[in-house]
Each structure stands twice: as C-alpha cells, then as structure tokens.
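Quick one: structure below, then a few questions.
The values are calculated or read from the model by the stated rules, or taken from the named source; none is laboratory data. Since the model is a prediction, treat every value here as computed from it, not as a measurement. Positions of Cβ are generated from backbone atoms using ideal geometry, with glycine treated the same way; all protein chains shown enter the neighbour counts.
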Amino acid sequence: MSTYCEVLFPLPVFQTFLYRLPAELTGKVRVGSKVVAPLGSRKLAGYVLEVKELAREPEFKVREIISCPPDSVALPEVIVKFALELSERSLTAPGLLLEMAEPPAAREKPRLRLTITEKGLKELVSGRLKGRRGQILSLLAERQLSPVYIKRKLKLREINSYLRSLGQEGLLEIREKATRKKPARPVGADNSRQLVLPVRPEGLPEAGQPLLEALEAGRGGTFLLTGSLDRRLRFLEKIMDYSAGHYGFAIFLVPDIQRLEKLRPLEKAFGSRAAFWHSQLPDKVRNNAWNQLVSGRSRIVFGTRSALFLPVRPLSLVVVDEEHDDLYYQSDGPSFDAREAAEVRAGLEKSLLIFSSACPRVSQYHRHRQSGTLIDLGGAGVQPRVSFYQKDIARLLKKELREEISPCLEAGGRIFFLANRKGYAGYLFCPGCGYVARCPRCRIALNLQKKDGELSCGYCGLETQAPEECPVCHQKLRPGRIRGSQYLKEQLQVTFPGQPVEVLEEGAGEKAAEKSLKRIVSGKSRLVVGTEYALRRLPSNHFSFLVLVNPETSLNRPDFTAAEKTVALVRASLELLRAGEGSTVAAVTAGPPPETIVQALSGDYPGFFEREIDYRRLLNYPPFSFLVEVGLDSRSLRGAGRSSRLLLEQLGRDFSGLELLGPKVSRKAWRKEQREVRLMVRLSAETEIEELLSYLKKFRMEKPSTRLWVRVWR
C-alpha cells in the first residue's frame, strides 16, 4: 500500500493531479501543504488537497513529489475549503485562489540582475550594435542593472524580446539575485475563548444586542447595518473591539485601497491591535503585518478583498463596509465577488457577518428587512441646505451660483463640483444633421478634450484630432450639452479670476493625483472639480459647498441597478461636506429634479427603496429573480464570438425555458486588444443557479483557450 496526494497548481485549470508521496516525506505532508512536483517538463509548486492510501497501483504512470519546501507553512484546512467552495461559485480556478493565501515571502518574485559579458563589451566597443540593443549594453557597461530599471530608463514597452536575443547571442548574462527570505511564522492555532466573563461594550444601541448574542453563542449570522458614516463607524468600533478582545479575529473589508484612508479614526482607536492589508503595501510593511497577525499580536484587519484569504483563526467577525460598491467584484485576474466570498468564509467558520452601507443594494435591503436582520442607525443629525437649479451651469455661474459661492470663498470655504464626465464635453455633434463623432472600433461617443483639441475613447483609449466640420453636411461641429470637468474648470476660471481650480479625474496618473490632493487638503486650491474617481480620494468633511452637475444623467445608464448606483453616488458626495448648518448643496439638472435625486439628497433611503422595489417586482428583476452574467474573454472578437455561439446553442438545447438576454460585445478599457462577449441569463430558483454554474464549469474545462467568468445577482 502506497501513499498518494492530489495536488492542485496555481494555474487557470480546475484539474487536480495525482502524485506518489515518497517515504521520506510521510508525516510531513498533509492537506494544505505546499509541495514541488513535476508537471510536464516543469517543476511547479502546488497545494495538497488530499492525502490517501491506495491498495493497488493506478493503471497509469504516477510521478513522485520532488520535495516539500522546509520553510513553507501548510494552509489551514478551512482556507482550502474556502477556496474550493468559492471556486465553485465564481468559476475561478481554485489554485489561483489558494495562491492568494500564501505568506508574503512565498509570493516574492525572484530579483533579476543583468550583467554584460566580455563578448558583449567587445561588440559594444566595435560600434556594430545600434538602436535599443546598443543602448541596453551601454547602460550595462557601467554596472549591473535590473530589467525594470532599463525598461523605465529607455521607456520601453517590451523589453523581454531584447533581453532574450542578447542573452542567446551571449552578449549579456541574466542572473537571479539571491534574496534572504525570512521563514514564515507558523499560523496561530485556534485560540480557545478566555475563561473570563466578557464585559459588553457600553453605549451600544439596543438594536446591536442581537449581534452581541450571536457572537457570544458562536452561531454566526448575517446582518445589514445602515445609517450615516459616523454612526456606523462608532457602532462597528464597539463591536470589533468586543469581538477581537474576547472571541477571535475581526476582518474589516473595504472596496478599494483609497477607502482605507477614511478609516484612520478606527486605526488610532485600535493602535497596534490593528493591521492593514492590501496589494500595494511595501514588502517590509506587508511582512510585518503578516507576522503581527499570524502571531496574534494584531487581531483586527483592515483590508481589501485579499484579506479574506489571511489564515487567521478563530475568525469571529467579518465586516463588509460600503457593501453597495461594485469594486468588490472584479472580473479581471482571479475573479470573484468579495461580498459573496465573505459569506462563504463566515459560513464555514460560523463567524458573525455585517454588511454596512448608508445606501445598500436594494436586494440586500429587501432580504434583511424581511428576515428581521436589518439594523438602521439613522442619518446625520443636521441636513445640508439644498437648492435645485434648472439652468445651464455656465449661466448659473454668471449670477446665482456666483452670488452664493463668492461669500463662501471670502470666508475661507471650499467648494467641490461633481461632474459626470471628464474632458471638455461628453460628445461632439453637428447641429445640422445630428452627426456624433464616435469611436470607429467601440461605437461610443468620443470625449472632447478642449486643451489639445482631441477626441478620446473612454473604452479603448483611441485619441484622434477633432475635425473642424461635419463629414456628412460640412457644417461646424459643436460640443454636446453634457459638459465635462475641463469645461467646468474653464468656466470657473472666468467667473473667479485669480482662484486656482483643481481637477481630479481618472487618467491623469497617480503622481499627478497625489499632488492635486496635497494642494486640496492644504487649502491652496479651494475650487475643486472632480468625477466619481475623486469621491474615493477626497477627505470626508472637507468642503462647505457642493455642486452636483447633472446628476440625473446617471439614471439613464443601461443597467437595472442605475437608480441605486445614482443614490450611492449622491450619498458619497455628501460625505465630503462638513457637518453643520452652514453646508450647502446645489443640484443642477436639465429639467425638474427626479424624485430619486431628491430622496438621495434628503437621506430618504426607505422612500427610494419602496419605489425601486415596486419597479423591480413589475419587471421581474432581483430580488424577485436571479440574473447571471456570463463573460467570455478571448484575444480576438472571432474567438470570443465562436465560443459564445457554441455556449448559446448548448444552453438552448440543454436548458428548456431558459431566458437569455444578450449577448453583447464590449472592449476592456485596460486591454485594448482583448474583447469579451457578455450575456445575461434570468433564473427563478437558487437550484437553477447551481445547475447552471456546474454546466458552465464543464464548458470552461472543455474550452481552456477561452476565459469564462460569471457574476450572480440575487
């Protein structure tokens, strides 16, 4: 009888591989252990999913595991189960998910160093090497360098082909720099509960008592917390302090890294008991945070979705802050919804799960209101003064808004303009025939950039010079009525001469954004124009005057969640206002202000919900049905289209009565050459989702060249 292991590799495949376990590794390898095994001609590190004894040898040839790294730490079985279950729900390869649970040192990429050879020096001196190849060797003639340094120095988009050819000719040598890695500390064992009577936190509202009872009983449960940001943070601070002090670790999830900056009050409150965790931490900080957590010195984690894979135990509490934010879902890379992942892990460990938002998803609010697990802390005490205008923003700045903003600026106030578009105008059109300048590849309206006189595509990044006349009727083209951030900046500079105007929008680059933020926070720039991109970066309670420019246009998005996203956008902009009676909001709309905008500004989420839930019920949208979005990615539109046609044909044959919406073709903005085909499936029961996901997984395994991802609205 021999011992065998089922091994899973961090590759985009669902298949496991069987290996024989050598006698010298018996007792050292268990479920969750990291091992090195041969796969084809390569040697790869993988994760053990099962260790088993077989009485008979398999009929096929089985290779042996090569080694078990001495400094590796086996992942807890609950993390392995978590990755496997999440893989079934998201159709992401489980090996890629398990890789996210690796200690920081294990994920460090080898540091490469390039050295010029004697042959390379001779070729360089001879002068026969020209162009980029000669420039690379010239830099290496002085000292050893990294590929990253050379790439930045010479501003190369692709350097690997140059290095490969120079290496094959023997002109340079590529060496891996030896790095001394600290061995990962063993993951803390399950800590038993302290043999002391926990003292309940003082000042907690009566509505929070069910959460304390669930913590004390260790039965878990899911709750939805709503209310103003300040009230929610004060409430969560008490719950997290109580949980981490008596029952185990607490994870506080945020949708993006910028949101962590708004949690600094909580960081100060917890001190060294809290650690931050996200992908952009420097290696040293990341290692320190890891050691603090696995040793138990820190028992509270503030982080993005990767924090769910930290092997900390026992996990008593998971908080998903701003649960309405779509950044919790990412289709690129290992795709999964962090909100669904939080439910999976909390369910496996019987942890308390709290979703928190001032404007939660309509489906989420509906479920928790029906189940009695909704905790409403109420809104802010003092609402800002709100004014509505139905004029063009340029006309308003000449009189009404100028009369309101001028005294505010004189008193040292700060004003923020929220624009729905970046650039100068949302589109360029012909008043004679109605022609609109569109991207030839994506077929969406091109944004006008006034400064450079260029048109740019928001999807593929295409940039082209704006034509002077209409190509159809030869009349002069005009900017569209939907004006962007550059237009607002131009108008503000005319209205308030001498006042610096700062623009904070996507596309300027992180360094430029950081410089803008410094000027805004210091008060050097008190007139600020920004898009939704700015809301995630600007500090809370900073402005005294807020101008919403055409917020109603977001209600017209081709998305059944457009209304709830618009409410979330307005509420996020209100967080920037200072608390107090002096705060003012001016909403500029093209027509009578929609009721959704009025309810968002007044904080009447229950009123918005009642209208929206009737709309969802009438049109059979979630929570009254289930929508599954399926995306197929390929390097060419032809490949994606071929796979989508085959999938549609098979779904129509094997699922009778299935309601299909789509498909549609879209282009990923961050991958100019990659296209994807998306389609929507409407289902009526939870069991149908499981059947569909199982079917799609099988399709994915049969078509390994096409990447498939899913997203479910319940």
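Go through (1) free of Cβ contacts under 8 Å to residues at least 24 places away in the same chain; (2) surrounded by 13 or more Cβ atoms within 10 Å (Cβ to Cβ) one by one and return the number of the condition residue 113 breaks.
It is condition (1) that residue 113 fails.
Can we say residue 373 is in contact with a His (Cβ under 7 Å, 6 or more places away or on another chain) and among the hydroxyl-bearing types (Ser, Thr, Tyr)? Walk me through it before giving the result.
Numbers: in contact with a His (Cβ under 7 Å, 6 or more places away or on another chain): no; among the hydroxyl-bearing types (Ser, Thr, Tyr): yes.
No: the conditions fail for residue 373.
Can I ask one more? From 566, 596, 553, grab the single residue that is among the hydroxyl-bearing types (Ser, Thr, Tyr), surrounded by fewer than 17 Cβ atoms within 10 Å (Cβ to Cβ), touching a residue at least 12 places away in the same chain (Cβ under 8 Å) and touching a Lys or Arg at 6+ places or on another chain (Cβ under 9 Å).
Result of the check over 566, 596, 553: 553.
Please give the number of the condition residue 327 fails out of (1) modelled with pLDDT under 90; (2) in contact with a helix residue (DSSP H, G or I) (Cβ under 7 Å, 6 or more places away or on another chain); (3) in a helix (DSSP H, G or I); (4) not hydroxyl-bearing (Ser, Thr, Tyr).
(2)
Mind checking which strands (runs of 3 or more DSSP E) fall wholly inside the stretch 513-610 and carry at least 1 residues that are hydroxyl-bearing (Ser, Thr, Tyr)? Spell out how you get there, then give the answer.
Details: elements: 527-530, 545-549, 584-588.
Answer list for the stretch 513-610: 584-588.
Go over the candidates 53, 118, 24, 59 one by one and state the one that is closer than 30 Å to residue 133 by Cβ, of a type in the set (Asp, Glu), loosely packed, with under 12 Cβ neighbours inside 10 Å and free of Cβ contacts under 8 Å to residues at least 60 places away in the same chain. Write out each step before concluding.
Details: 53 fails: closer than 30 Å to residue 133 by Cβ; 24 fails: closer than 30 Å to residue 133 by Cβ; 59 fails: closer than 30 Å to residue 133 by Cβ.
Just one listed residue meets the conditions, 118.
To continue, here is another question. When you scan the stretch 345-436 for helices (runs of 4 or more DSSP H) that lie fully inside it, which ones turn up with 3 or more residues that are over 25 Å from residue 231 (Cα atoms)?
393-398, 400-410
Follow-up question, since we're still on this one. For residues that are under 21 Å from the mean Cα position of the chain (by Cα) and in contact (Cβ under 8 Å) with a residue 60 or more places away in the chain, scanning just the stretch 491-531, find the one that is surrounded by the most Cβ atoms within 10 Å (Cβ to Cβ).
At the first step, the residues of the stretch 491-531 found to be under 21 Å from the mean Cα position of the chain (by Cα) are 504-511, 513-514, 530-531.
Adding the requirement that they be in contact (Cβ under 8 Å) with a residue 60 or more places away in the chain leaves 505-507, 530-531.
Working: 505: 20, 506: 14, 507: 13, 530: 26, 531: 19.
Restricting to residues being under 21 Å from the mean Cα position of the chain (by Cα) and in contact (Cβ under 8 Å) with a residue 60 or more places away in the chain, the top hit is 530.
I'd like the full set of residues that are in contact with a helix residue (DSSP H, G or I) (Cβ under 9 Å, 6 or more places away or on another chain) and of a type in the set (Ser, Thr, Tyr), limited to the stretch 338-383.
Those that are in contact with a helix residue (DSSP H, G or I) (Cβ under 9 Å, 6 or more places away or on another chain) and of a type in the set (Ser, Thr, Tyr): 351, 356, 357, 363, 365, 373.
Here is a yes/no grid of residues against (1) on the phi < 0 side of the Ramachandran plot; (2) crowded, with 20+ Cβ neighbours inside 10 Å; (3) in contact with an Asp or Glu (Cβ under 6 Å, 6 or more places away or on another chain):
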| position | (1), (2), (3) |
| --- | --- |
| 355 | yes, yes, yes |
| 379 | yes, no, no |
| 383 | yes, no, no |
| 398 | yes, no, no |
| 417 | yes, yes, no |
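Scan the stretch 271-293 residue by residue and report those that are assigned to a helix (DSSP H, G or I), at pLDDT 85 or above and of a type outside the set (D, E, K, R).
285, 287, 288, 289, 290, 291, 292, 293 - these are the residues of the stretch 271-293 that are assigned to a helix (DSSP H, G or I), at pLDDT 85 or above and of a type outside the set (D, E, K, R).
Taking the options 342, 307, 346, 338, name whichever one is of a type outside the set (Ser, Thr, Tyr), touching a Gly at 6+ places or on another chain (Cβ under 7 Å), buried (at least 21 other Cβ atoms within 10 Å of the Cβ) and on the phi < 0 side of the Ramachandran plot.
The conditions single out 346.
Hey, can you tell me all the residues within the stretch 142-164 that are in a loop (DSSP other than H, G, I, E, B) and among the basic types (Lys, Arg)?
Our first condition is that a residue be in a loop (DSSP other than H, G, I, E, B); within the stretch 142-164, this holds for 142-144, 146, 154-159.
Once the filter is applied, which keeps residues that are in a loop (DSSP other than H, G, I, E, B) and among the basic types (Lys, Arg), the stretch 142-164 yields 143, 155, 157.
A quick yes/no check of all residues on (1) modelled with pLDDT of 70 or more; (2) of a type outside the set (D, E, K, R):
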| residue | (1), (2) |
| --- | --- |
| 623 | yes, yes |
| 656 | yes, yes |
| 668 | no, no |
| 685 | yes, yes |
| 688 | yes, no |
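Still on this model: For the stretch 211-267, give me the residue count where each residue is assigned to a helix (DSSP H, G or I) and either aromatic (Phe, Trp, Tyr) or touching a residue at least 60 places away in the same chain (Cβ under 8 Å) (or both). Steps first, please.
Taking the stretch 211-267 and keeping what is assigned to a helix (DSSP H, G or I), we get 211-217, 229-246, 257-267.
Among the residues that remain, those that are also either aromatic (Phe, Trp, Tyr) or touching a residue at least 60 places away in the same chain (Cβ under 8 Å) (or both) are: 211, 214-215, 229-232, 235-236, 239-240, 242-244, 258-259, 261-262.
Adding up the residues that qualify gives 18.
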